[in-house]
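Down below is the structure, laid out as structure tokens.
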Amino acid sequence: MDAYYDDGWGKIYCCHVLEGLRQIPDGLVQMVMTSPPYWGLRNYAGGSDIVWGGDDNCQHEWVGVGLVSDIRKDTVVAGKSRTEERYYGDDPTRKFDGQHQKHYQDNFCSLCGAWKGQLGLEPTWQLYVQHIVEISREIRRVLRKDGSYYLVLGDTYASSPKGNKEPSGLQSRNYGVGIEIPMKRNVQWGKDNIARPKQKLLIPYRVAMALQEDGWLLRNDITWHKPNSMPSSVKDRLTCTTESVFHFVKNDKTILWRNDETGEWRDTKPTRDEQYPLGGRYKHIETGEMRWDRPPKSESAEWEHLNPVWYGFDYYYDLDAIREPHAASSIARVTQPKVFEQLGGPKEEMMEQNIPARGGADLKQPSKIVKRLALQYQSKYEESDYGQTLQGFIRVQSIAQEREQSRIDAERLFPDDPKRQQGYINMIHDHSGHPKGKNPGDFWGITTQPFKGAHFATFPEALCIKPILSSSRPGDIVLDPMAGSGTTGVVAKRLGRRAIILDVVESYCETSGKRIEKIPMPII
């Protein structure tokens, strides 16, 4: 298959997603990030009608063919036809002709049960999910064993347009040829409990669960929040401002190891001596003596349990590449020398009332201080004010006492090494005080970007950055099999990755090529 565009870093193929994927060798791609057409949303002009399922050798006989509009009609408003004289962004090449709002009705083969149509315009959500699973199986084949698959999906509401009240009719019909087609026609307009009018269908999660059942491992359900989302005119629910980004992997066995000190990756299991280069798993605090076996419980306080140098991974994932700076308040909190020197809240008021809590005998019995604090402020700091019960209040204060003791221990164990002191405290409490920054979490606030090209649904470049940086190395191949305007390819090239992108619409492939061509050639 000849490439529509190829500059050595970005390759574009103008073809149907399944046709293109089947041309890619097994295990070639390190990472996939894509956003398929959302179900029931729009008809992408120029997208060809593809035959899904059935028998490849069948001489198809199609039934139920018809193009219907479920949103707009050819009406004239203020002297302009709504479907003939409107343009998006005043761009004459983006004429509003109503076609992207029209949906195909049932278009099944009466001989083999195949369906002909465009992805996203299936008559049922079940068929849409089935097609995404079919595409994802090909993605799993081309993905490397240590690779990742990011799927961006938005949800859909069921609707009940005027003039489409017909009951579902394909639940048990077989067109007289003995082939059961387990679908409902116009189920989104019928009385199905899931696809009832006004129902939010949870399509992204139905797809995610179907992929789990098909063998994928779901590692994250990332919420993409759009602060500048499109306003909505609805009056009986909230405006939808989020979409889902699912992170899937195919492997669940340790196949990679990463050196925690140097960041080096390898695919061979390190030896025991490589894991613990100091000559043992345990180091005596006073003498520096090393040992491999676990010390007796009575002596455990005298030995430090060392961390291994190499950590195993089931797939490639570089969290350090996407860490974010710690908040100033977090840095101030974890670096203060004494817990009881924190200001604000019960501790400050406690100190103002001269309640002993800073040293002496009381610090040797922290539980007494905590209980006295909690009982004294029980009536004042109610659950409505602090969002916690008395038991929760005691637990929070206990954690503070424990952290203070850990800091004391760290200073005693590593008196001249602040880095190891902080590492010891992080190990004990795991409060995300990583020296390279914090884990960004699974809630990403990213504004949408305007796009002047002939595409109605582009996601912002910022959405691709974290997945590409964390799940691929420089020079790796990143694939987007439903690329649209080519945003994944643009970001991949900018970050020094090679991109393969597929799309069935030639005008989108042309747009993608122009965008990728503008990115300077990476230097690795």
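The values are calculated or read from the model by the stated rules, or taken from the named source; none is laboratory data. Remember, it's a predicted structure, so these values are computed and weren't measured experimentally. All Cβ positions, even for glycine, are placed from backbone atoms using ideal geometry, and neighbour counts span all protein chains on display.
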**Request:** Just need a number here: residues in the stretch 470-511 that are farther than 21 Å from Asp49 by Cα and of a type in the set (D, E, K, R).
**Result:** 6
**Fill in**
Across the stretch 251-287, the tally of residues that are out of contact with any Ser or Thr (no Cβ under 9 Å at 6 or more places or on another chain) and under 30 Å from Val32 (Cβ atoms) stands at 17
**Prompt:** Can we say Gly27 is crowded, with 19+ Cβ neighbours inside 10 Å and farther than 15 Å from Met482 by Cβ?
**Reply:** no
**Message:** Return the residues of the stretch 229-259 that are under 24 Å from Val152 (Cβ atoms), among the basic types (Lys, Arg) and touching a strand residue (DSSP E or B) at 6+ places or on another chain (Cβ under 7 Å); say none if nothing qualifies.
**Reply:** Lys250
**Asked** Out of all the residues in the stretch 137-151, which are surrounded by fewer than 22 Cβ atoms within 10 Å (Cβ to Cβ) and either of a type in the set (Phe, Trp, Tyr) or within 18 Å of Gly484 (Cβ to Cβ) (or both)?
**Response** none
**Fill in**
Conditions (1) in contact with a Gly (Cβ under 7 Å, 6 or more places away or on another chain); (2) at pLDDT 90 or above -> Ala492 fails only (1)
**Prompt:** In the stretch 275-301, how many are among the charged types (D, E, K, R) and surrounded by 15 or more Cβ atoms within 10 Å (Cβ to Cβ)?
**Reply:** 2
**Request:** Output the residues belonging to the stretch 29-49 that are in contact with a His (Cβ under 9 Å, 6 or more places away or on another chain) and modelled with pLDDT of 90 or more.
**Result:** Pro36
**Complete:** Restricting attention to the stretch 306-324, the residues that are in contact with a helix residue (DSSP H, G or I) (Cβ under 9 Å, 6 or more places away or on another chain) and not in a helix (DSSP H, G or I) number exactly 8
**Asked** In the list Trp62, Trp52, which residue meets the criterion of being in contact with a His (Cβ under 8 Å, 6 or more places away or on another chain), among the aromatic types (Phe, Trp, Tyr) and at pLDDT below 90?
**Response** Trp52
**Fill in**
Of the conditions (1) on the phi < 0 side of the Ramachandran plot; (2) at pLDDT 80 or above; (3) hydrophobic (A, V, I, L, M, F, W, C), the single one that Met183 does not satisfy is (2)
